[in-house]
Each structure stands twice: as C-alpha cells, then as structure tokens.
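Chemist: Quick one: the structure is below, questions incoming.
The values are calculated or read from the model by the stated rules, or taken from the named source; none is laboratory data. Remember, it's a predicted structure, so these values are computed and weren't measured experimentally. Note: ideal-geometry Cβ built from the backbone for every residue, glycine included; neighbour counts use all protein chains shown.
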Amino acid sequence: MSVDQSVCAPLPVLGRDVLVPIVTGGEVTYAALDYAASAPALQRVWDDVAAYAPYYGSVHRGAGYLSQLSTDLFEQSRVAVAEFLGCRADDQVVFTRSTTDSLNLLAGAVPAGTKVYVFETEHHASLLPWRDAEVTYLSAPRSPGEAVAALEAALAGREAGPALVCVTGASNVTGEIWPVRELAAAAHAHGARIVLDAAQLAPHHPVDVTELDVDWVAFSGHKLYAPFGSGVLAGRADWLREAEPYLAGGGASKKVARRSDGGVDVEWHETAARHEAGSPNVIGVYSIASACRALTEAGFDRLVEREQELVGRVRAGLAEVPEVKVLSLFGDDAPRVGVISFVVRGWNSSHFAAALSAEYGIGVRDGLFCAHPLVRTLLGDDRQEPGDCGGDATLNAIRVSFGAGTPDEHVDRFLAAVAELVRDGAKWNYRTENGRCVPAED
C-alpha cells in the first residue's frame, strides 16, 4: 500500500541526490538502505551544525564569548537529550563516542562482584564489554514471553549482590522489538538493574526511560541521523558517581594537589563530567541534540506509521520471491523496526549485496552484523563457510534497513532488483578480494 506522501513525507537527509556509477554504464541515484549501520544525517542537523560552526569554542573553562556560548550549547544539548529520553530528574546524561563506548563505560562502573545477564542475541557492543564481571549468557528466546521467562529463571537462582541485565531494544539483525518494559519489571523484581541498548530502537521508535523503567539507556548519534563520533549513556547516577573515571584527565578532575611525598591527590567530579575527560566533541553532542529535536518536532507517531508501511511493503515483496528466506526470532507477527535480514537460496550473500550495489546503486549490508551468535542461530548452521562469488552460503546474511529519510522509490527499486537478480542472475562477473565479492574488471 502506498503511503500518502502529503501527510508523511520522508525527512530530508544528506546524500539523497547523490549519483553513483553502475557497472553496466551510466549513473543512478544512490539508494541508501543500510540505516542500521549508519543512518544519513538529517539536513536539519547539518544546517544546525553549520550555523554553529563559526562560533566554535572550547567549553567549560574559557572566559571568552565563544567559549561561553559553546558551553551553554553543550549543556543545553544535555538537557535536550534528557527530555528526548524521558529521563528522571536525578539521572545523568553522559556524552560518549558511541553505544559501544557507552556500554564499556558502564561496564567499568559496575560494583565489584556484579553479576551480568545478557542474551546471546545481543549486538557485540552489549555482548562483549562485561569482561570483568561474572556473565551469564542466556540462550536465544523464540518469543517475547520466552525471553521474560528465561530472565526470571536466571535471576531467581542467583545469590545476593548487585546484578545487571543488558538487553537490546530492537534487534540489529531482525528488527524485532524486545519486551523491554517486561524485562525491566522482571529485573527489578529480583533486585537487578537493567541497561537498554537503544542503538536500533531510538532512531525508529520513542524511548522513554521513565515509562520503560530502565536504569540506563545507551545509543549512538550516527544511527540517530547525526554525524559520526558521538553517543549517549543516560540513567542512574549512583554507580557512575562512585566509579573511577572512565578516563583520567582534565574535565573529570575537580581538584588536584601535590602531596608531600611527591604524589598527587585528586578530587573527581560527581556529575557527568566525571566520565567526560578531555575536550568534548561539542559538534557531535550538538548534532545529537539537534536530531532529538528534529525527530520530536516531526512527530514520532507519524514517522513510526510511515516506517511500518515500508516494513510491510518490504516483507510482502520479499515473500513473493520463493528463494528468499527472511530471518526472525519471534515470528511474522512480532513488532519490528525497519531492519530486515534475509538469505537467498543459491546465492553467496556477499555476491548478492555486491550485485545490488554495482548493478543497481543500492547499498545494503552483508555478513554477521556484529551479532555472530544470533545470525548463526537464525541460519541454523555455524559450520558451513561461504563459497566463492556465485556459490551458496548459509553462514552470512543480507540486511536491508531504512528509516525516516527513506523515499518510497528506494524501497521499490530494492524489491525490483531482488526479484530481477533471483530471476535473471547477475549481469556482471564478480571475483573474491579479501574475502568479499567485488565486480571483476570488464
């Protein structure tokens, strides 16, 4: 069903008119369908950053006008992010480099002896940071109810002491939305805390910390239509306030004094600055705040409605190609965001993705999507290695992802290209280079 563009048009993003060459000759408008890796920056965000750039200055310690203006912009950005996330009054908003950085920061702040519970279905950013904790990896659930039951069973058997649950809001492989509120209730009922990896959820769906009752939330700017290099960890202050600073240096330190024995005594900040040592990425922070405002002003309900139309169109189009198998944990009826992974019988996933790019100007992703255990579980075979270009490979998958800036035409062109490739095969020869399929020279 076509979306009424007069009611809900895609948001303007950078790169929407970029032309790319195709191997069969000529150029086409690039169809960016890899939003789950990095969404294009909103034009509004880029314009806001460009307007601020001439006033760029050091924050927090400068006496000059530009420094004062930049400091105010930096701290107002913190307020904007807190409002976007529905944070509680005493929550802290810490600016980081990415979701991965945020979760590693939190991993360094958990009290000694903390037990961490993580589903094996997580992105590596939330699966791997807990090296200094006792980690329980929960098996992939096949329904939201099974996920809650598995967590409750695991928490019920633990000994007393601090515990933390880490869970994704929406899968970066299947797009399926996880039962975050129910998992938070289960965690709190057993005396555990919970951190939400919202990297894939926040760009597609409202995230309210208070409503979901999560203790922390982490996300990346480059998935939220902002430029690279900025992220957020927001939530309860106590563990963050009591932990050693994530980085030691200027900005994190409140007072430093020499001791008579030649050493130094340091008093660290208790605010978010404790974990923001060094000169901050002011432009990155401002771009996140700008994206938060832009999405809020556009109306998340309208954005979600339009995206769900696109999700339905893509799933219906792929279902018409018998050779395509869409990957799913929770089944066809599960709520999901605009992230869909699939395999094509008879095709190496790298070959298929390379042909979409080289012959149609369509950018998707192939591989294991930094979620190796999950993809291998979904594919059902972690022993078969991918073959050369043109061979059948079940170890890797193809992912198409889209969002608020995706035009209808890009989705329609993708579906037509999938059907044509499966029916007619590639028009070009491909070779393997560094483990990937690339177009061969003519």
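Chemist: Pull up region 329-350, narrow it to residues that are within 30 Å of residue 432 (Cβ to Cβ) and of a type in the set (A, V, I, L, M), then point me to the one that is farthest from the chain's Cα centre (by Cα).
Modeler: 344
Chemist: Find the residue count for region 13-51, including only residues that are of a type in the set (Gly, Ala, Ser), over 22 Å from residue 287 (Cβ atoms) and either in the same structural domain as residue 281 (by TED's automatic domain parsing) or surrounded by 15 or more Cβ atoms within 10 Å (Cβ to Cβ) (or both).
Modeler: Within region 13-51, residues that are of a type in the set (Gly, Ala, Ser), over 22 Å from residue 287 (Cβ atoms) and either in the same structural domain as residue 281 (by TED's automatic domain parsing) or surrounded by 15 or more Cβ atoms within 10 Å (Cβ to Cβ) (or both) number 1.
Chemist: Looking at 197, 215, can you tell me which residue is closer than 30 Å to residue 10 by Cβ and surrounded by 16 or more Cβ atoms within 10 Å (Cβ to Cβ)?
Modeler: One residue alone meets the criteria, 197.
Chemist: Is it fair to say residue 155 is surrounded by 15 or more Cβ atoms within 10 Å (Cβ to Cβ) and in contact with a His (Cβ under 6 Å, 6 or more places away or on another chain)?
Modeler: Considered against the rule, which asks whether it is surrounded by 15 or more Cβ atoms within 10 Å (Cβ to Cβ) and in contact with a His (Cβ under 6 Å, 6 or more places away or on another chain), residue 155 comes out as yes.
Chemist: Out of (1) without any contact (Cβ under 8 Å) to a residue 12 or more places away in the chain; (2) closer than 23 Å to residue 206 by Cβ; (3) of a type outside the set (Phe, Trp, Tyr), what's the single condition that is false for residue 75?
Modeler: Unmet for residue 75, out of (1) without any contact (Cβ under 8 Å) to a residue 12 or more places away in the chain; (2) closer than 23 Å to residue 206 by Cβ; (3) of a type outside the set (Phe, Trp, Tyr): (2).
Chemist: To continue, here is another question. Report those strands (runs of 3 or more DSSP E) wholly inside region 238-348 carrying at least 2 residues which are outside the structural domain of residue 170 (by TED's automatic domain parsing) and of a type in the set (A, V, I, L, M).
Modeler: Where strands (runs of 3 or more DSSP E) fall fully within region 238-348 and carry at least 2 residues being outside the structural domain of residue 170 (by TED's automatic domain parsing) and of a type in the set (A, V, I, L, M), they are 324-326, 339-344.
Chemist: When you check residue 214 against the structure, is it of a type in the set (Val, Ile, Thr) and assigned to a strand (DSSP E or B), yes or no?
Modeler: no
Chemist: Would you point out which residue out of 266, 321, 282 is in contact (Cβ under 8 Å) with a residue 12 or more places away in the chain and under 25 Å from the mean Cα position of the chain (by Cα)?
Modeler: 282 is the lone residue from the list that is in contact (Cβ under 8 Å) with a residue 12 or more places away in the chain and under 25 Å from the mean Cα position of the chain (by Cα).
Chemist: Tally up the residues in region 102-145 that are over 18 Å from residue 328 (Cα atoms) and part of a loop (DSSP other than H, G, I, E, B), please.
Modeler: Of the residues in that region, 11 qualify.
Chemist: Could you check how many residues of region 253-295 are β-branched (Val, Ile, Thr) and over 18 Å from residue 227 (Cα atoms)?
Modeler: The total comes to 4.
Chemist: Among the residues of region 52-59, is there at least one that is crowded, with 19+ Cβ neighbours inside 10 Å and touching a Pro at 6+ places or on another chain (Cβ under 7 Å)?
Modeler: Yes: one or more hits.
Chemist: I'd like to check something: does region 75-86 contain any residue that is in the same structural domain as residue 290 (by TED's automatic domain parsing) and part of a loop (DSSP other than H, G, I, E, B)?
Modeler: Yes, some residue in region 75-86 is in the same structural domain as residue 290 (by TED's automatic domain parsing) and part of a loop (DSSP other than H, G, I, E, B).
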